[in-house]
Amino acid sequence: MASIPQAEAGQFLRVNPITCVARGMCAELLPEQVKLDEWGYPILKGDPLPPHLVAHARRAVAECPTLALRADPTPRG
Amino acid sequence: MNEQVLWFAARSSGMVSLLLLTATILLGILGPLRVGSANWPRFALAGLHRNISLLTVVLLVVHAVTIALDDYVPITFADAVVPFVSQYQPFWLGLGAISFDLILALIVTSLLRPRINLRLWRSIHWLAYVSWPIALAHGIGVGTDATGPLGLIIAGLCVAAVVLAVILRIIKRDRPPIDFAPPKPAPATKPVGAARPAPEPVRRPGEFSTRTR
Ligand code: HEM
Ligand code: SF4
């Protein structure tokens, strides 16, 4: 897992449930697309990233302490 | 210009560097301790951790440059980064150089964090716990002020704060909160995102069903 690609408009956010440590920073930085369940794990809104949220999404991806949050071109299958 | 200006600048920037480095360590530990509230969201504390660490490096550069320019003691620019080669107090200055190198490695890997292997970043970031006591020992070993009353009070407070934080860090290891707080109905605190309401409906991806911790 070298470089993470930058989030782009139209992509879908994904969380790696193994590495996520429920720190909740993603929900602070991108409340439009991420909520937390009662244990603090993210619940993602399944929509493609709108252009106005791309910058926020990039920041959320970069700040995640375990880099568990990624943007992916395809929705979860 | 008073020729002691460089000397005073070197001493005071060294002392401020210790305070900033201590603040950086404390802010870093707040992450795994899951400190955060509506008024102090975690991303803000993490940003403070990063920015104060960058300020620390600025002060360390001022510290090294002023002491190298000051010609009362034979300390060179190389002594700031190459350990144990100095003509003056090679051991204690060497500790300062090691600590500075470690801090530079911490900063560089952290700024590249999204681009490098996360394990590499993590293992280098553990060196924070090595750099701090070495920096402290350097200051006490070679510093003019560190063994004076004010210096000892500052060093004592820094040691107390870091030791306390490290103990908390060890007790409260970085596990998911489910290990500490059994599931209970919706938490009383308002989520930070409440100001920007997320549109419904929110979908829960099936990915979470694999979680067994
Ligand atoms: C002087 C340089 C630095 C020092 C001494 C330092 C120190 C620390 C310490 C002690 C921790 C706690 C580690 C643990 O016990 O898990 C930490 C965590 C962390 N630091 Fe630094 N750090 C430095 C620079 C940076 C920089 C420049 C960044 C840039 C973004 C950064 C990002 C982080 C992150 C993301 C964490 C993890 C927090 C978490 O787990 O939530 N650090 N740091
Ligand atoms: S910031 Fe990362 S670790 Fe924290 S909840 Fe979001 S995905 Fe999980």
query: Just a yes or no: is a residue in region B:43-50 near ligand 1 (Cβ under 8 Å from one of its atoms), over 18 Å from B:ILE107 (Cβ atoms) and either touching a Leu at 6+ places or on another chain (Cβ under 9 Å) or of a type outside the set (Phe, Trp, Tyr) (or both)?
result: no
Count - residues of region B:65-83 that are in contact (Cβ under 8 Å) with a residue 12 or more places away in the chain and out of contact with any Asp or Glu (no Cβ under 8 Å at 6 or more places or on another chain): 13
message: I want to confirm something. Restricting to region A:1-14 and keeping residues that are among the aliphatic types (A, V, I, L, M) and open to solvent by 10 Å² or more (accessible area, probe 1.4 Å), which single residue is farthest from A:ALA68 (Cα to Cα)?
response: A:ALA9
message: Being more than 16 Å from the chain's Cα centre (by Cα) and within 16 Å of ligand 2 (Cβ to nearest atom) is true for just one of B:LEU95, B:LEU118, B:LEU150. Which residue is that?
response: B:LEU118
Restricting region A:40-77 to residues that are basic (Lys, Arg) and more than 16 Å from ligand 1 (Cβ to nearest atom), the residue that is nearest to B:LEU111 (Cα to Cα): A:ARG70
- request: Name the residue, out of A:GLN11, A:GLN6, that is closer than 24 Å to B:ILE116 by Cα and out of contact with any Asp or Glu (no Cβ under 9 Å at 6 or more places or on another chain).
  value: A:GLN6
statement: Of B:PRO74, B:PRO83, the only residue that is at pLDDT 95 or above and not small (Gly, Ala, Ser) is B:PRO83
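The values are calculated or read from the model by the stated rules, or taken from the named source; none is laboratory data. The shown structure was predicted, so the numbers you read here are calculated from the model rather than taken from an experiment. Backbone-built Cβ (ideal geometry, glycine too); neighbour counts: all protein chains shown. The protein model used for the area step is the full one, side chains on, heavy atoms only, and it has no ligands, DNA or RNA in it. Shrake-Rupley method; radii C 1.70, N 1.55, O 1.52, S 1.80 Å.
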